Amino acid sequence: MKRASEGHVSIDNITKIYDPLGANVLAVDKCSFEINPGEFMAIVGPSGCGKTTFLNVLAGFESVTRGEICVDGECVAAPDKGLRPGPDRVVVFQMGALFPWKTVLENVCFGPVMQGTMGKKEAVGKGEELLRIAGLEGFENEYPMNISSGMQRRVEIVRALINEPKILLMDEPFRALDAMTKSVMHKYLLDLFDVIGKTILFITHDLDESIYLADRVLVMTTRPGTVKKWIDVDIPRPRDIGVKVSDRFLELRQEAIDAVHEEALKAFERGERELAR
């Protein structure tokens, strides 16, 4: 399996407060951890624990109140820095936005050609290669409306990867898919990861998904979000769906369920108290 030499993320004592002069919501409190180059890391936790906040701050979409985030030693987020999105950190959101008037291949090639990082011929060659790995060979000339939602998701991932980012940020990208389509998506994402070896930060509510895909799973506490525990997924790669019935997978799954359930109960109890005030 190919592993990246870049894409190291250092998160140092991050605190995020929303509306500090009004509601003063402490979303994330004093979080520190690292993501290794070429690592697939998933973040799970109860709703409102700050999972997506982390992704948005790392992507450069939101500021931090305290602390800093560095990518390969370069600071990309700190209180005294403006918002700094960059092509080294590409996001795949829950709901994608393919250009409906462009074919699959044209959608994939658009970014690097427009940015001038690749010529059209190079982009087409690279795009065709990635589409093949993603199981989309033969669909290059189709329009988004003519392919399934799962295929559209794969096109969006390929469109992100062709730009050669250091880090791929994925915010519950398969949440809206049915179980069968999600299983297919997992297969092709694992295939792509095994080939490209990029650093991936994956946000999900699906604990099975987190264990199946990731090298490590970060379980966050209820708000204010901080690190509750790490789960090291010591299941060898390459992986296939068969690992989901292995004893080790079931052990890790139960460990994740126990940790998240404990935090979900805390969130529920806090909500009940707040409603009673």
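Of note:
- Only listed residue being outside any loop (DSSP other than H, G, I, E, B), small (Gly, Ala, Ser) and over 30 Å from residue 162 (Cβ atoms), chosen from 22, 48, 67: 67
- Where residue 234 falls short, out of the listed (1) surrounded by 12 or more Cβ atoms within 10 Å (Cβ to Cβ); (2) out of contact with any strand residue (DSSP E or B) (no Cβ under 7 Å at 6 or more places or on another chain); (3) modelled with pLDDT of 95 or more: (1)
- Hits in region 167-208 (condition: among the charged types (D, E, K, R) and either touching a Cys at 6+ places or on another chain (Cβ under 9 Å) or surrounded by 22 or more Cβ atoms within 10 Å (Cβ to Cβ) (or both)): 198
- Counting the residues of region 133-164 that are part of a helix (DSSP H, G or I) and closer than 21 Å to residue 186 by Cβ gives 14.
- Test for residue 118: is it hydrophobic (A, V, I, L, M, F, W, C), modelled with pLDDT under 95, more than 25 Å from residue 39 (Cα to Cα) and part of a helix (DSSP H, G or I): no
- For region 13-31, the count of residues that are modelled with pLDDT of 95 or more and either more than 27 Å from residue 268 (Cα to Cα) or outside the structural domain of residue 191 (by TED's automatic domain parsing) (or both) is zero.
- When residues of region 137-150 are limited to those that are at pLDDT below 95 and either crowded, with 22+ Cβ neighbours inside 10 Å or hydroxyl-bearing (Ser, Thr, Tyr) (or both), the one farthest from residue 170 (Cα to Cα): 148
- Among (1) surrounded by fewer than 23 Cβ atoms within 10 Å (Cβ to Cβ); (2) out of contact with any Lys or Arg (no Cβ under 7 Å at 6 or more places or on another chain); (3) closer than 24 Å to residue 6 by Cα - the single one residue 154 does not satisfy: (1)
- Identity of the residue in region 108-135, touching a Lys or Arg at 6+ places or on another chain (Cβ under 6 Å) and within 25 Å of residue 181 (Cα to Cα), that ends up surrounded by the fewest Cβ atoms within 10 Å (Cβ to Cβ): 134
- Filtered residues of region 14-53 (kept if free of Cβ contacts under 8 Å to residues at least 60 places away in the same chain and under 17 Å from the mean Cα position of the chain (by Cα)): 34
- Scanning region 39-79 for residues that are modelled with pLDDT of 95 or more and closer than 20 Å to residue 231 by Cβ yields 39, 40, 41, 42, 43, 44.
- For region 199-249, a tally of residues being in a loop (DSSP other than H, G, I, E, B), hydrophobic (A, V, I, L, M, F, W, C) and more than 13 Å from the chain's Cα centre (by Cα) returns 2.
- Residue in region 112-130 that is without any contact (Cβ under 8 Å) to a residue 12 or more places away in the chain and closer than 18 Å to residue 191 by Cβ present: yes
- Close Cβ contacts (under 8 Å, 6 or more residues apart or on different chains) running from residues in region 239-265 that are under 26 Å from residue 188 (Cβ atoms) to residues that are polar (S, T, N, Q) comprise 241/183; 256/210.
The values are calculated or read from the model by the stated rules, or taken from the named source; none is laboratory data. Since this is a predicted model, take the numbers as computed values, not measurements. A quick note on method: Cβ atoms are made from the backbone with ideal geometry, for glycine too, and the neighbour counts reach across all protein chains shown.
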